[in-house]
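The values are calculated or read from the model by the stated rules, or taken from the named source; none is laboratory data. Computed from a prediction, not measured in an experiment: that's the story for all the values here. Cβ atoms come from the backbone with ideal geometry, glycine included; neighbour counts cover every protein chain shown. Accessible surface areas use protein heavy atoms only, side chains included; no ligands, DNA or RNA. Shrake-Rupley method; radii C 1.70, N 1.55, O 1.52, S 1.80 Å.
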Amino acid sequence: MDILMLGTGHGACEKERHCSGILLKTGDNYYLIDAGAPVESMMVKRDIPVSNIKATFITHMHEDHCTDVVSVVKCFSGYQDEKTTDIYMPEQNGIDALKTWCNALHMHPDQRVNYHLITDGCFYDDGVISVTSIKNSHLKDYPSYSFVIKVEGKNILFSGDLTSDLRDFQSLQNGKYDCVFMELTHYKVNEHVGELLGFDTKKMIFNHISPYNIRRYNLCKDQFPYETIITTDGMEFSL
């Protein structure tokens, strides 16, 4: 399986980092985890048709994680008349708003785009990958999720956005992972390195990165017993 980091920045775009987007490829199947802008542009630059996306999974309803999902709908509205795609979102009002906005933009994908509400536990299994949601506390009054994806015999955790005190870590650490994709914005990494060391994983890949946390990471990076990587846009991994 291959994983492409389309966007690795925090809530606002920077010169060298776009908003959150991760593309997972296994065989001929592509899956998108979050769709902050400009995931469409990042894919096109790598000659990956957006119409190859089999399913999109949105961790939570913040602009930097879901704005470009409208571009996914566009590709199945005006540029694709054979394939279908599934879009999973954490809130029904997000699904309703996306449909309304697409209608306002005169995009009518009919039956080619299927919208789904994320539920607790395993909510997706197409025989190629399975996706299990773990509710976290990033949004106090609204649903926000981490995802565990099982693919090719591997377990991969995508943390999504977390909280400043990492109070959800116990629920995330109840598993053995081949790789953990961990956000690096909403907590001070050097003050919470102890919690990070609690993961049973072979590798931790940091994404959704704030510049100040890179400096903090450099203070404690030698404490990690597994490989750690600070990602940049366009970085690719084979797992």
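Things worth noting here:
- Tilt relative to the chain, helix 211-220 - C-alpha long axis, 0 to 90 degrees, to 10: 40
- Summarising the amide proton neighbourhood of ASN136: residues at separation of 5 or more, or on other chains, whose placed amide H is nearer than 5 Å comprise SER144, TYR145, SER146.
- Linear extension gain, GLU236 paired with ASP2, 0.36 nm per residue minus alpha-carbon span: 83.5 nm
- Rounded to the nearest 20, the size of the Cβ-charge dipole of the chain about its Cα centre is 340 debye, with Lys and Arg at +1 and Asp and Glu at -1.
- What the phi angles of region 129-141 give under the Karplus curve with 6.51, -1.76 and 1.60, with θ = phi - 60°, is a coupling list of 10, 10, 10, 10, 8, 10, 5, 10, 10, 4, 9, 4, 10 Hz, glycine and proline written as x.
- Radius, Kirkwood style, for region 1-111 when every pair of distinct Cα atoms is counted (Å): 14.0
- Approximate spin-label separation ASP222-SER137, in nm, with each point projected 7 Å along Cα-to-Cβ: 3.4
- Residue-wise HN-Hα couplings along region 27-33, as the Karplus relation 6.51 cos²θ - 1.76 cosθ + 1.60 with θ = phi - 60° gives them from phi, are x, 9, 9, 10, 9, 10, 10 Hz; Gly and Pro carry x.
- Interchain or long-range residues, amide H under 5 Å from ASN114's placed H: THR85, ASP86, ILE87
- Square roots of 5 times each gyration tensor eigenvalue, C-alpha, the chain, largest first, Å: 29, 18, 18
- On a per residue basis, the chain carries 44 Å² of accessible surface, using protein heavy atoms and a 1.4 Å probe.
- Rounded to whole numbers, the Karplus 3J(HN,Hα) couplings from phi for region 72-77 are 5, 4, 4, 5, 9, 9 Hz, using 6.51 cos²θ - 1.76 cosθ + 1.60 with θ = phi - 60°, and x at Gly and Pro.
- Lysine pairs in region 82-239 with Cα atoms under 12 Å, if 8 or more residues apart or on separate chains: 5
- Residue separation of VAL44 and ALA104 scaled by 0.36 nm, minus their Cα-Cα distance, works out to 19.1 nm of gained length.
- What separates the Cα centres of region 16-47 and region 152-199 is a distance of 22 Å.
- Residues whose placed amide H lies under 5 Å from that of TYR226, excluding near-sequence neighbours: none
- Of all DSSP bridge pairs formed entirely within the chain, close to 50 percent run antiparallel.
- The calculated FRET efficiency for the pair GLU63 and THR84, based on their C-beta separation and a Förster distance of 22 Å, comes to about 0.25.
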